[in-house]
Amino acid sequence: MDEKEAPRVGAAVKRRRRALQLTLAVVASRSGLSVPFLSQVENERARPSRRSLELVAEALETTAGELLAAAEASRTVDVVRAGEPVPGMPPGVRTLVRGRHQLHALEFTGEQDAGREFQHRNDELLYVADGAAEVEAEGRAHRLGRGDTLYLSGGVRHRWRATEPGTRLLVVAVAEHVEAEEE
């Protein structure tokens, strides 16, 4: 199995490991694979060979086939249509990715609470789709226009406000429930 054919089974491996209440160290010990490699597999940064997948499956008291089936079942294709109401979202805020995934994305339209400060544990990217905004981060104000982006590493306190009517700001981030790791 070459790199292009190697399965993406990280989420399935992580779910199974957590269901069994096992640490990565225990799975590493049982499988003979390293903790860093298993972490990379779970975070979809590495794809296991067929033999490695069999070792992981054995350590997780399942089969490679079951892990592959669980991985295939967890793949998602979902279209969120413009103007489609999403329950639980406040006015002017639209989710661009439904459910719990590694990617979290929201669209903010119009004026938001400029006094509200945000701090997220994972990285995020702000993109101005229309209009203009001002983002205060790390004690500096950054003026952004249509098409501009601002990257914020996890932990940076920030706040933003629209500076033109009809501003649309997209926020794309690593989801809060995902532990982003340094490479």
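Observations on the model:
- Using a Förster distance of 30 Å, the FRET efficiency for Leu96-Arg51 (Cβ separation, nearest 0.05): 0.20
- Using equal-weight Cα scatterers in the Debye expression, the normalised intensity of segment 83-150 in log10 at q = 0.14, 0.20, 0.26 Å⁻¹ is -0.50, -1.05, -1.51.
- Accessible-area value, Leu68, 1.4 Å probe, nucleic acids and ligands omitted, Å²: 70
- Dipole magnitude for the chain: about 340 debye, using +1 per Lys or Arg Cβ and -1 per Asp or Glu Cβ, origin at the Cα centre.
- Segment 1-151, accessible surface, carbon-and-sulfur percent (1.4 angstrom probe): 50
- Answer label for Rg and Dmax of the Cα atoms in Å (calculated), chosen among (i) 17.4, 74; (ii) 26.2, 93; (iii) 20.2, 59: (iii)
The values are calculated or read from the model by the stated rules, or taken from the named source; none is laboratory data. Model, not experiment: these values are computed from the prediction. Methodologically, a virtual Cβ is constructed for each residue, glycine included, from the backbone with ideal geometry; neighbour enumeration extends over all protein chains shown. The area values use the complete protein model at the heavy-atom level, side chains included, leaving out ligands, DNA and RNA. Shrake-Rupley method; radii C 1.70, N 1.55, O 1.52, S 1.80 Å.
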